[in-house]
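> Got a structure here, written out as structure tokens. Questions coming.
Each reported figure results from applying straightforward, stated rules to the coordinates on display, with no laboratory input. From a predicted model like this one, the values you see are computed outputs, not experimental measurements. Backbone-built Cβ (ideal geometry, glycine too); neighbour counts: all protein chains shown.
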Amino acid sequence: MTFTLVYDGGCPFCRHFAQRSELLGGVPDLVIRDGRCDHELRTSLRKRGYNISNGAVLLETLPAQEERIWHGSEAIAVLCQHLTPTDPLLRLLHGLFSDSRRANLLYPGLLAARQIALGLKGLPLDPDQNRV
């Protein structure tokens, strides 16, 4: 089983969480992919109903090439449930977001922080739309 986290690399918070999860999260075979830079991946996910401008996407590849997909707060909750962090920040996030209900309540705050960060960088919320 392999997990792939697709995140918005334009958002410094998203990028930091993804990189720390990969390096210090203790999830074997976790692959992180910058959805903002990978147009082909973004298009494939969008065709299946998942838009990274609305949240991170977590894909789990199972035996026989089966796949499960989580989006937004569910993606973060599932990833946090699998973390065995050695890092203080990831331990905190694991505690906050590993419960699906709590993740669902807190996730809009993460999206608001992402919106502010992207605005300060002059980047659109949706990488597939031109800046206005």
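> Quick one: how many residues across segment 101-132 are farther than 18 Å from Ile52 by Cβ and either hydrophobic (A, V, I, L, M, F, W, C) or surrounded by 16 or more Cβ atoms within 10 Å (Cβ to Cβ) (or both)?
Final tally of qualifying residues: 4.
> Still on this structure: Being under 16 Å from Thr4 (Cβ atoms), assigned to a strand (DSSP E or B) and under 15 Å from the mean Cα position of the chain (by Cα) is true for just one of Leu41, Leu58. Which residue is that? Explain how you work it out, then say what you get.
Details: Leu41 fails: assigned to a strand (DSSP E or B).
The unique qualifying residue is Leu58.
> Going residue by residue through segment 57-71, is there one that turns out to be surrounded by 15 or more Cβ atoms within 10 Å (Cβ to Cβ), aromatic (Phe, Trp, Tyr) and under 18 Å from Leu123 (Cβ atoms)? Walk me through it before giving the result.
First, pick out the residues of segment 57-71 that are surrounded by 15 or more Cβ atoms within 10 Å (Cβ to Cβ): 57-61, 69-71.
Restricting the remaining residues to those that are aromatic (Phe, Trp, Tyr) gives 70.
Okay, now just the ones that are also under 18 Å from Leu123 (Cβ atoms), so none.
There is no residue in segment 57-71 that is surrounded by 15 or more Cβ atoms within 10 Å (Cβ to Cβ), aromatic (Phe, Trp, Tyr) and under 18 Å from Leu123 (Cβ atoms).
> Filter segment 1-29 for residues that are in a helix (DSSP H, G or I) and either buried (at least 19 other Cβ atoms within 10 Å of the Cβ) or among the basic types (Lys, Arg) (or both) and give the result.
In the first step, residues of segment 1-29 are kept if they are in a helix (DSSP H, G or I); the result is 12-24.
Correct list: Cys14, Arg15, Phe17, Ala18, Arg20, Ser21.
> When segment 64-120 is examined, which residues are found to be in a helix (DSSP H, G or I), among the hydroxyl-bearing types (Ser, Thr, Tyr) and under 19 Å from Glu22 (Cα atoms)?
Keep residues of segment 64-120 that are in a helix (DSSP H, G or I), which gives 64-65, 73-82, 88-97, 100-120.
Those left that are additionally among the hydroxyl-bearing types (Ser, Thr, Tyr): 73, 100, 107.
Residue satisfying the conditions is Ser73 alone.
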